[in-house]
Structure formats: structure tokens, C-alpha cells
Amino acid sequence: MVLWCPDWPVIAAEIVDGVPATDPVAVLHANRVVACSEQARAEGVRRGLRRRDAQGRCPRLTVVDHDPARDARAFEPVVAAVEELVAGVEVVRPGACAVAARGPSRYLGGEEAAAERIVEHVAQACAVESQIGIADGVFAAGLAARSGRVVPPGGTPRFLADLPVEALGRPALADLLRRLGVRTLGDFAALPAGDVLARFGFDGALAHRLAAGRDHRPLAVRQPPADLAVTADQDDPLDRVDAAAFVARALAERLHERLAAHGLACTRLGIEAVTAHGQELHRVWRHDGLLTATAIADRVRWQLDGWLSGGRPGRTGARPARPTAGIIRLRLVPDGVIAQGALQPGLWGEAGEERERAHRALSRVQGILGPEAVVTAVLGGGRSPADQVRLVPWGDERLPARPGPPPLPAHAGPLPAHTDPLPARTGRSAGRAAGRAAEPPWPGRLPPPAPAVVLPEPLAATVHDAAGEPVVVSARLAVSAAPARLAVGTARPVEIVGWTGPWPADERWWAPAEARRRARFQVGLADGTALLLTVEGGRWLVEAVYD
């Protein structure tokens, strides 16, 4: 039994993108029509037409790009609706699914009654028109669904015999068969199987079996995902943290037991709440290990405390909005689950008590002030110290924004003077040169040591030589004179006792709107301070401070 939704790519575009399927619509892939609406067919548009030919036949044609992911997402509710009536559904492709007909026909009163019931249920649940075909095999049932036909048992070869060879869905094979004088599936099925295998290969032998009404495999039914979410409805709205925490603990126990029954563990927890005024609240918590029942209850309690308390200043000065009414529904959704066997403790057991206490404290702060209130640094690649560090919320995956490790510190002070610097380009030529010379993967990055403090915003500075003239770096990276004094902002100048550089970086030179050319210096001052300076567009800036 195959359920088929006509013109599904067009229907999916209407469901997801709002394109009216009642208008002339064509879905194109590789500049050719792969599906079109009924109105477009009425005006002469057909599958396989080029875009220009289709628009010539129908000037008011709406063109939509082919998106298999969109078609699959839109078809999922249809499959779920079919699974509400029958078990063991196989998705043939977006727009068509198959089930074994024996079970539904027995408990729904026959094959035709089962087909009518399924079509009606899909129309009510999803507002989608569909047709069902029944035959001895998925291939024949799919063709029968085009006309809503029920083929009697044993009548599949006779049903297929008069269909053209194009029904196989193999254009190259169909063209070859027609040139050989084989025009129908019955003619093709009458050929000896050994000769078909020798002449057309394995794919031709498979098509030969389908033309004879013999499927090459049984149904590959999918297992419906288990509903692991737990919900608690309250007659009296919860407006106190202690009452909400009591409900949360019981709900956490139910969720933990349900996960354990399926052999699963939760790594990412979604907490949803609905207030008496219809306000919906949602927050996702991430954990780097196993979320036990206690850990789930703690996070729910912290989140409810953050929602119900409200009015507390956040890290940026903003105050979280307090719900306008008490909570009447609380729902826990395991957003990320893995098999419990995939969780392996450390070599010396679980994490220490101090680590767990710190994690619980920081998670509670996030529940009150939001995920961005607690962040942790992740090191990665880059050319400047600011590029090599990315701040992510506590508990999120610690993935670097750029590939490659940052430079490792080698000593505690600025390097000795550097002479004859080479400009670093960041395009393909630089990458090839770096590969040949076994250089770091980020040409133009600073050598060690790494600075201790990277300023959020660089500070303007002025650099002068011994004669009091401004120090200038030319386009060829020639320094006009040795730096002698540095003044940051309006502060008094400080003598420079040591310096090294420049280290140039010519970034995104192939995109003029995004190009950036700069050079960096390390300087040591008379007061013991070491700074990282950047000169860009003739301006000196203090970028970072060394210990």
C-alpha cells in the first residue's frame, strides 16, 4: 500500500515558503522542470522542460528552486499522520510512503476501507491531498497510486504489462529499450532474465524484476521516534519558586526513568513553561556529561528561579522579564540524547567534588541571568590575539572558531629586534609557500610569547623617535626611525627601551571592501611594561599588554 501526494515539491514549497500551489508553479533543478502545479500543466508546462521554454508557455509562471531537504521536512507530518493509524511505514521518497497492506486491511475493514480511512486522516491532520495504490510490491503500488487503483492479489503482472517502459523511471534504459523495439513493461518482462543481465547489467536486471511485478527487497520500515518529553499541568498557577521546584523534582524523576527505560542519557535539556496568560518560556541547558535525575531537577529549579524571580540585573545591565502570570504547564524535553553505553567515566572515576560544585554554581547563575552571563574562552587559530580566543556560554561545545592551535609562549619578554621582515599574504600563494617551508598554518601571526591581556578596544597611541619626529612604517615595511618614546592617549610619553617588529599581515587582499593591511610591534617601556602595538592606516594602537 503506497500513499502518494501529487506534485509534492510544489506542495512542500507552499507549506514551507508560502508559495500558492493553486497558481502556476514550477520546481526547477539544473534549469529543468522537475515538478509543476496543476495550473501550470494546464498552460503547457511539463517535466523536463527548460526554464526558458516553461516561462515561454506560461509567462506568469512562479519558479521555485528544488530543495530535497525542504520536501523531506514538509513530508514528516504526513508520515506521522499515517503512523497514527498503521505501523511499519517506509518513506519511499518525499511525497510517497509505503506500508504493508495486510495489517490495515484486517483491522480497518478491508483494503479499500483502509485506503479511504488513511487518505481522510491525512487530509484532516495535514490538509494535504493524497492517493493510495495497492498492489503486490512497492513499485507496482506506486504506479497504482497515480490512479488510486487497488490491484487484486496476483494481478500485478497483468496491471504492469500495458504500461510504457518509461514507468521504470530510468530514462536511459527506456530510450535503449524503445530503440530495440521493447515498448511496454510486458514486453520487457517477457525477455529471458539471463539475457537481460548480460545485455543491460545489474540495474537492467533489477528493472526487469520490477517490470515482472517482483520486488527486489521487503519493506524497510522506520521506527517512530519515542516520545521522551514529560509534561506537568497545574490547576493552580505556580508563582512561588518553592512550589515550582517541588513539581520540577517529580517531573525530573519521570524524565530520568523514561530515558533509563530506553537506555538513553540526556546531554541537552529543554525546559518549556506556559503561563496562565499564554506566555511561552523556553530555555535549553547543555551538560558535558550525564544528566542525572538530581542534575535535571537542579537545572529546572534554577531556571524556574530565574523566571519567577525576575527583576535582577544581568551582566549587561538588562533585567530579565518576569512572567505576567504563574506557570500552569511545565514540560521537559530531552533535546540531546545518547546511548548510556557511550558515556564513559574518566580514568580515575567521575569528576571531582570541587569541579561539580563549580559547575552547579555557574549553571545556577546562567539560570538567573541567562546563558551569556557565564562564558569561557576557547583557543583556536588566527593572526592576532583577539582572533585566537572565542568566548562561548558555559556548558556549550568548546569548538574553536578557526582551525589550528594558537602560538605557544616560549619566553617571558619581548623578542630581540627583528630585521628584514617579509610581508605575509593570506591567499593561496601564502598557503602553498607555508606548506613548502613547513611554516605555521597562519602566516603572519605573532610569534610567542602570547600577551596576557587583550584590550576589548585598542587604545590610540603616538610613537616618536629620538628627534621627536613621528615614527612611520612605509608600504614596504620600512621603519622611518627607531621608536624612542610612546604616549598612550593623553598620558605622558614613556621611553621605549626595547622593540621588535614589524610583523605584517595583509588580510583578504583579494576583496577590496574587506581588505586589511597592518603591522605589529612588541615594545618594552622604561617602567617595565611590555605592549603589543599595531600600526594601521598610519595610526598607532595599543592592542594588548604583556606580563
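Might you check whether a residue that is modelled with pLDDT under 85, assigned to a helix (DSSP H, G or I) and over 26 Å from the mean Cα position of the chain (by Cα) occurs anywhere in region 280-293?
The answer is yes, given that some residue of region 280-293 is modelled with pLDDT under 85, assigned to a helix (DSSP H, G or I) and over 26 Å from the mean Cα position of the chain (by Cα).
Report yes if some residue within region 522-536 is open to solvent by 50 Å² or more (accessible area, probe 1.4 Å) and modelled with pLDDT under 85; otherwise report no. So that I can check it myself, show each step before the final result.
Step one: list which residues in region 522-536 are open to solvent by 50 Å² or more (accessible area, probe 1.4 Å), which gives 526-528, 536.
Next, only the ones that are modelled with pLDDT under 85 stay: none.
No, region 522-536 contains no residue that is open to solvent by 50 Å² or more (accessible area, probe 1.4 Å) and modelled with pLDDT under 85.
Among the residues of region 1-23 satisfying the criterion of being among the small types (Gly, Ala, Ser) and farther than 20 Å from Val119 by Cβ, which is surrounded by the fewest Cβ atoms within 10 Å (Cβ to Cβ)?
Only one residue tops the list, namely Gly18.
Conditions tested, residue by residue: (1) open to solvent by 50 Å² or more (accessible area, probe 1.4 Å); (2) assigned to a strand (DSSP E or B); (3) closer than 30 Å to Val86 by Cα.
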| position | (1), (2), (3) |
| --- | --- |
| Leu219 | yes, no, yes |
| Leu228 | no, no, yes |
| Ala232 | no, yes, yes |
| Phe246 | yes, no, no |
| Arg254 | yes, no, yes |
| Leu259 | no, no, yes |
| Arg268 | yes, yes, no |
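For residues that are touching a residue at least 24 places away in the same chain (Cβ under 8 Å) and more than 22 Å from Val542 (Cα to Cα), tally how many sit in region 509-528.
Filtering region 509-528 for residues touching a residue at least 24 places away in the same chain (Cβ under 8 Å) gives 509-510, 519-527.
Going one step further and asking which of them are more than 22 Å from Val542 (Cα to Cα), we end up with 509-510.
Of the residues in region 509-528, 2 are touching a residue at least 24 places away in the same chain (Cβ under 8 Å) and more than 22 Å from Val542 (Cα to Cα).
Pick from region 487-506 the residues that are closer than 18 Å to Ala452 by Cβ and either of a type outside the set (S, T, N, Q) or assigned to a loop (DSSP other than H, G, I, E, B) (or both): which of them is most open to solvent (accessible area, probe 1.4 Å)?
In the first step, residues of region 487-506 are kept if they are closer than 18 Å to Ala452 by Cβ; the result is 488, 498, 500.
Remaining after also requiring either of a type outside the set (S, T, N, Q) or assigned to a loop (DSSP other than H, G, I, E, B) (or both): 488, 498.
Details: Val488: 50, Gly498: 28 Å².
It comes out as Val488.
Only residues that are of a type outside the set (A, V, I, L, M, F, W, C) and surrounded by fewer than 19 Cβ atoms within 10 Å (Cβ to Cβ): list them for region 537-547, please.
Taking region 537-547 first, the residues of a type outside the set (A, V, I, L, M, F, W, C) are 537-539, 543, 546-547.
Residues satisfying the conditions are Gly537, Gly538, Arg539, Asp547.
Considering region 64-93 alone, what residues qualify as being more than 24 Å from Leu143 (Cβ to Cβ), of a type in the set (A, V, I, L, M) and under 26 Å from the mean Cα position of the chain (by Cα)?
Of everything in region 64-93, those that are more than 24 Å from Leu143 (Cβ to Cβ), of a type in the set (A, V, I, L, M) and under 26 Å from the mean Cα position of the chain (by Cα) turn out to be Val64, Ala69, Ala80.
Within the group Ala35, Ala26, which residue is in contact with an Asp or Glu (Cβ under 6 Å, 6 or more places away or on another chain), crowded, with 20+ Cβ neighbours inside 10 Å and in contact (Cβ under 8 Å) with a residue 24 or more places away in the chain?
On the way: Ala26 fails: in contact with an Asp or Glu (Cβ under 6 Å, 6 or more places away or on another chain).
Answer to the selection: Ala35.
Tally up the residues in region 121-168 that are within 21 Å of Glu76 (Cα to Cα) and over 38 Å from the mean Cα position of the chain (by Cα), please.
Selection size over region 121-168: 0.
Could you tell me which numbered condition Gly194 fails, if it satisfies all but one of (1) surrounded by fewer than 18 Cβ atoms within 10 Å (Cβ to Cβ); (2) not in a helix (DSSP H, G or I)?
(2)
Would a scan of region 507-520 turn up a residue that is in a loop (DSSP other than H, G, I, E, B), loosely packed, with under 14 Cβ neighbours inside 10 Å and over 35 Å from the mean Cα position of the chain (by Cα)?
The answer is no, given that none of the residues of region 507-520 is in a loop (DSSP other than H, G, I, E, B), loosely packed, with under 14 Cβ neighbours inside 10 Å and over 35 Å from the mean Cα position of the chain (by Cα).
Pro153 versus (1) of a type outside the set (Ser, Thr, Tyr); (2) touching a Pro at 6+ places or on another chain (Cβ under 8 Å); (3) in a loop (DSSP other than H, G, I, E, B): which is the lone unmet condition?
The failed condition is (2).
Does region 466-481 contain at least one residue that is under 20 Å from Arg383 (Cα atoms) and surrounded by 18 or more Cβ atoms within 10 Å (Cβ to Cβ)?
If we filter region 466-481 for residues that are under 20 Å from Arg383 (Cα atoms), which is where we start, we get 473, 475-477.
Filter once more, so that each one left must be surrounded by 18 or more Cβ atoms within 10 Å (Cβ to Cβ): 473.
Yes, that holds for at least one residue.
Within the set of pairs 6+ apart or on separate chains, which have a first residue in region 480-498 that is under 12 Å from Val542 (Cβ atoms), a second that is among the charged types (D, E, K, R) and open to solvent by 30 Å² or more (accessible area, probe 1.4 Å), and C-beta atoms under 9 Å apart?
Every condition considered, the pairs that remain are Leu486/Glu495; Val494/Arg485; Val494/Asp527.
Of the residues His208, His277, His262, which is touching a Ser or Thr at 6+ places or on another chain (Cβ under 6 Å) and either modelled with pLDDT of 85 or more or closer than 30 Å to Arg301 by Cα (or both)? Talk me through it step by step, then tell me what you get.
Numbers: His208 fails: touching a Ser or Thr at 6+ places or on another chain (Cβ under 6 Å); His262 fails: touching a Ser or Thr at 6+ places or on another chain (Cβ under 6 Å).
Exactly one residue qualifies, and that residue is His277.
The values are calculated or read from the model by the stated rules, or taken from the named source; none is laboratory data. Given the structure is predicted, the values throughout are model-derived calculations rather than measurements. For neighbour counting, all protein chains shown are included, and Cβ atoms are generated from backbone atoms with ideal geometry for every residue, glycine included. Ligands, DNA and RNA are stripped out before the accessible areas are found, and what is left, the full protein with its side chains, is counted by its heavy atoms. Shrake-Rupley method; radii C 1.70, N 1.55, O 1.52, S 1.80 Å.
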